[in-house]
Structure formats: C-alpha cells, structure tokens
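Working notes, beginning with the structure itself.
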Amino acid sequence: MSRFPDDFLWGASTSAYQCEGASLEDGKGLSQQDVINKQNHDIYGFADASVASDHYHHYKEDIKLMKEMGFTAYRFSLSWSRIFPKGRGEVNQKGVAFYHNLIDELKKNGIEPIVTIYHYDLPLQLVEEYDGWLNRKVVDDFANYARFVINEYKDKVKYWTTINEQGIIVQYWTKKCLIKDKYLKDDRWRYQLNHYMNLAHAIACNLVHEIVPGGLVGSATGYSPVYAHSSKPEDALAALHANELRNLYYTDIWFKGIYNENAMAYLKSRGLAPEIAEGDMELIKSGKSDFLALNYYRSDCAEYASNNENERFMGVNLTGEKGKTDGEETHPGFYKMCKNESLDTTEWDWSIDPIGLEYTLKDLYDRYRIPLMITENGIGARDILTNDGKIHDQYRIDYMKEHIKAIKRAIDSGVKVLAYCPWSMMDILSTTNGYSKRYGLIYVDRTDKDIKECKRYRKDSSYWYEKVIKSKGEEL
Ligand code: BG6
C-alpha cells in the first residue's frame, strides 16, 4: 500500500456510558442509558452501565495504551449528566474536571481529541420531567449544555461531533431513548424526536463556529449503503427509497438544509411526518456542518414491498447466533430490507462489506463535496483471553485491513478523508449485546456477570494496528 496523507488522523472511538462506568460517582447524575442498561441487565443478563469498562478510573492507563499504539486521535463522548447531573442548572465541577484531565492527558501524548457532544445518554431528570427528546424543551436544554461544554473545552478541542447516529435512534428508539409507554403506539414520535435533534444539531454547529477559533463540527451518522436485491427495476427503486429514508433523510438536512422530498412524501402518506414549527427550517439551514463523521459497519439490501405489508423498523439479534435477527425493516409500498446472499456476516448478522465503505465514501463525496471521517468501524466478536494473556483476533485484523484499503482507494480517487477511528478503542458495553460481543483493540477483562478488575490486555489486532499507524498505512 502507498502511504496515507501525513495529516491523516489514526485512532479509535468509545462513548461515555459504554466505557466510563462510575455512573453515580463524583456527583454524576443518572442518564437514560443507566436505566436502559439496568433493564437489559434484568431482562437479558447483560452488564449494566454502572462500571462498564471502568475507564473513569483507568483513563491514564488507557491513554498510555493509545500512545503505545501510535494514536494521533481519539474520539469519545461527554456524559451530559456528569456535567449537569440534572440536565441543566448546577454544574458538577468534578465532572468538568474529569474531561479536562482526559483531554490534557491526550494532548500531552500528542493525541487529538474528537469530541462527541451527545451519544444516547440524556440525563434521566429530563426524561422524568418532560419525556426527554419527545418534548421540544429538550432543544433549549441541549443548547445550554452544548454552549457550556463548547466554551469550557474550546481551547483544547478542534473537532466536534454533535449527536451520534440520529438515524439509528429513529430505528431503535426504545434502546437509545427511554420512551414512556404512551408514545409507543405512534411511530410518528420517532421522526418528531429526530426533528428536535436536527434543531439541536444546527444549534451546536453554530455554537462551535461562534466559540471555537478554527473549530470544525459535523454529525456522526450510522450509515449503511443500500443495494438492490436483484436487477429487477422494482428492487432498484426499493433500494433508492431505502437509501432516501434511512440515509439521505439525515444527510440532506445537514448538507442541504432540507428534508429529502421523497422520504418526506412517504412519511406524510403514512402519517409519520414530524411537525415542523415556523422558523425551524431557517434554524436548520443556518447550522453548517464542516464534515461528516461516518459510523460504518455494514451494507444493507432492499427489495420491493407491496402496500399490504406491515410497517416495521429494524430488528435485532440478541443471541449472537447467525440468522436470529427478529425481523426486517419494512415500509409498505416503499421498500423492505432483506439478506444480501453475496456477503458473509458476523455472528450477529451484520454483513461484512469493505467495498461498501468505498462505495459510501465516493457516493457521499459526490453528493456533498465535504470531508469525511470514519468515527466507527469494527467487528463485534466473542474474543477469547488465553491462559497466557493473549487475544488472537485475526478476524478483526482481516476486517480492519480490508476497510483501511477501501478508505485508501477512496482517497486515491479524490475523496477527502480526515480520520480513521474504528470502534472501539477498548472493549465496551455493546448497546445490544453487553460484553458477550466485543469490539475493542484492547481487551477488558470482565464479563456480563463478573466485573473482576477490568484489567487491560492488548489484542493481536492492537499490535497489528500499531504497525499500520506507524507506517502511515503502508504496512497492512
Ligand atoms: C453504533 C453506536 O451504532 O454501533 C455504538 O454508535 C455501538 O454506540 C456500535 O456500540 C455497535 O453496536 P452494538 O449494538 O453492537 O453495540
């Protein structure tokens, strides 16, 4: 391989509630993820978020490992309820100090922080008070929180991502938000909460541009390109529709300031469209993104759906047994998702498709001409710690190698890519599968049932990635 550009950022990602733990320590308030993960613990036996990977207490050791691997960037999120335990009002100075210490330690080690303002963990207080993201009041509270953190860390943080994976939140709203029963029967609320997030995103973009000298900001989107199941024209049209409703409905907002018309027409026809108040679209248009952060794991496949099908959103595989995903997303008369027989999958049914990343980078660059960064990419697996303290995760090396090659091909064809931050720096609490499904370059020795000491071990992939980084992508 030829080298990546000298200023290309190499690192990895995490999110606050999935790795920090210390969920009630040093003044932190509960977030909706603390509650959701406690429910997952009680129902499925997955770990809760109270200790997670104990990064709160291990952050210096974790940064030392990042340094060893040669990281030049680290993408992580701030916990809103660590900073404002009740969502607004009194600031928790110990929480503010934790992120100063983390960022300072990163910078001391030559690692550029890429900060996500919001990654699923709304303060619980705001859900209890007014139902969180389902109430427009959340936009003001988000603006207050965003202004505070952007101002607080402005001299240290250049790259900001706003809200993690709005599209995935729409698909899996009960896993990413605490939703009261009264809303569950009406899927319109999924798109309403997304509309409020669009307002919040625009406000955060404006704040970064106002407050941070030279600051750059963008959304982090969960993005899977959609292929047609066959060359039948009706399948091609279904794939086009799926791409519009799952992908362009979000990216058009950020880069064109409009809702994708065809997707919106479909939502209106099904009574799912959000209410848009006067002035909302002007606010949305004013919030300019500087880049798009991509969380790319897989591609998807769509086929024709008749008008008689039932509306349903994405299913989930809770067991890690291939083929056990509980149903495919279906939008009657528009599209339904299906298996792509040409691709292998992980144990959790996620297709493995490095070419899909090249396709996505080229497609998005063609559409919007904006720089892109990869803020998530990785393979969830049941890693095994051997008796001599090793983790032989060749499958992760294979996965990352092919995706890095795909990025390089896109760069060579003229696409501007700023960074590669795979998921995840260390094993984290998976949003759907606890610790049985691991993503980390660093193994965290704990299980769903036994927290142990969360001791860190370098996986084979971390040694391989170190060589990749140190050779600027030449040695794959
Ligand atoms: C992304 C999220 O959707 O995928 C992460 O941003 C998440 O928070 C990752 O962990 C992998 O998904 P999962 O469900 O396997 O943890």
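The values are calculated or read from the model by the stated rules, or taken from the named source; none is laboratory data. Just so it is clear, the structure is predicted and the values come from calculations on it, not from any experiment. Note that each Cβ is placed from the backbone with ideal geometry, even for glycine, and that neighbours are counted across all protein chains shown. These area figures cover heavy atoms from the full protein model, side chains too; ligands, DNA and RNA do not enter into them. Shrake-Rupley method; radii C 1.70, N 1.55, O 1.52, S 1.80 Å.
Straightening the chain between ASP26 and ARG369 buys 119.1 nm, computed as 0.36 nm per residue apart minus the Cα-Cα spacing. Is the range 116-191 best put as rounded, prolate or oblate by its Cα gyration tensor, with a ≥ b ≥ c the root eigenvalues, rounded for a/c under 1.5, and otherwise prolate when a/b is larger than b/c, oblate when not? Here the range 116-191 falls in the prolate category.
Which of rounded, prolate or oblate describes the range 150-264 when judged by the alpha-carbon gyration tensor and an a/c cut-off of 1.5? Note, shape of the range 150-264 comes out oblate. DSSP beta bridges confined to the range 1-149 are antiparallel in about 10 percent of cases. Spin-label model, SER269 to ARG136: label points 7 Å out along the Cα-to-beta-carbon direction sit 2.9 nm apart.
Normalised by the number of residues in the range 180-324, the mean separation of alpha-carbon contacts (under 8 Å, six or more apart) gives a relative contact order of 36 percent. May I ask you to derive the relative contact order of the chain, considering only C-alpha pairs under 8 Å and at least 6 residues apart, and to give it as an integer percent? Reported relative contact order: 17 percent.
Counting DSSP beta bridges with both partners in the range 231-382, what percentage is antiparallel, nearest 5?
So the antiparallel bridges amount to about 65 percent of the total.
Taking all protein chains into account, the per residue accessible area for the range 341-432 stands at 38 Å² (1.4 Å probe).
From helices alone, the chain scores -12000 deg cm²/dmol at 222 nm; the rule is -39500 (n - 2.57) for each run of n ≥ 4 DSSP H residues, then divide by the residue total. Label-to-label distance for LYS285 and ASP412 is 4.2 nm, based on points extended 7 Å past Cα in the beta-carbon direction. Modelled this way, with points 7 Å down the Cα-to-C-beta line, the labels at ASP186 and THR447 are 4.5 nm from one another.
FRET efficiency for the pair ASP42 and GLU129, taken as 1/(1 + (r/R0)^6) with r the Cβ-Cβ distance and R0 = 30 Å, rounds to 0.80.
Based on the Kirkwood approach, the hydrodynamic radius assigned to the range 324-376 is 13.7 Å, with every pair of different Cα atoms included. Taking 0.36 nm per residue of separation and subtracting the current Cα-Cα distance, fully stretching the chain between LYS472 and GLU402 would add 23.7 nm. Solvent-accessible surface of the range 137-190, averaged per residue with a 1.4 angstrom probe and all protein chains in place: 41 square angstrom. Considering only Cα atoms, the convex hull volume of the range 1-75 works out to 132 Å³ per residue.
Surface composition of the chain: carbon and sulfur atoms hold 49% of the protein heavy-atom accessible area at a 1.4 Å probe.
Note on the range 21-89 and the range 186-234: Cα centroid distance 24 Å, given to the nearest whole angstrom. A protection proxy built from the mean count of other Cβ atoms within 10 Å ranks the segments 15-28, 101-114, most packed first, as 15-28, 101-114. Taking the range 453-476 and a reference point 7 angstrom along Cα→Cβ of THR386, the backbone N atoms nearer than 12 Å belong to 460.
For the range 397-476, place one equal point scatterer on every Cα, skip the solvent, and apply the Debye formula. What is log10 of I(q)/I(0) at q = 0.13 Å⁻¹? Per q value, in the given order, log10 I(q)/I(0) is -0.50. Which lysines have a Cα lying under 19 Å from the Cα of LYS182, excluding residues fewer than 8 positions away in the same chain? Partners within reach: LYS137. When peptides 282-288, 438-444 are ranked by their average number of other Cβ atoms within 10 Å per residue, the highest-first order is 438-444, 282-288. When the chain is described by a simple charge dipole with +1 on each Lys and Arg Cβ and -1 on each Asp and Glu Cβ, the residue from GLN39, GLY215, ALA293 located farthest towards its positive end is GLY215. Straight-line reach from LYS156: taking Cα to Cα under 19 Å and skipping same-chain neighbours fewer than 8 places apart, the aspartates and glutamates in range are ASP7, ASP104, GLU105, GLU112, GLU210, ASP290. About the centre of its Cα atoms, the chain shows a dipole size close to 700 debye [charges on the beta carbon of Lys, Arg (+1) and Asp, Glu (-1) only; nearest 20 debye].
How would you classify the range 1-125 from its alpha-carbon gyration tensor, with a ≥ b ≥ c the square roots of the eigenvalues: rounded for a/c under 1.5, else prolate if a/b is greater than b/c, otherwise oblate?
Prolate.
Counting only DSSP beta bridges with both residues in the chain, the antiparallel share comes to about 30 percent. For the range 306-424, the alpha-carbon radius of gyration amounts to 1.29 times the rule-of-thumb value 2.2 N^0.38 Å expected for a compact globular protein.
For a quick check of your reading of the filter: which chymotrypsin sites (Phe, Trp or Tyr not before Pro) in the range 155-192 sit in a DSSP loop and have no more than 10 other Cβ atoms within 10 Å? Numbers along the way, then the final one.
Details: sites: TYR159, TRP160, TYR172, TRP173, TYR183, TRP189, TYR191; in loops: TYR172.
Filter output for the range 155-192: empty list.
Straight Cα distances below 17 angstrom link LYS401 to the aspartates and glutamates ASP344, ASP353, GLU358, GLU376, ASP393, ASP412, ASP460, GLU466, GLU474, GLU475, with same-chain residues fewer than 8 positions distant left out. The distance separating the Cα centre of the range 434-462 from that of the range 133-154 comes to 33 Å.
Dividing the Cα radius of gyration of the chain by 2.2 N^0.38 Å, with N the residue count, gives 0.91.
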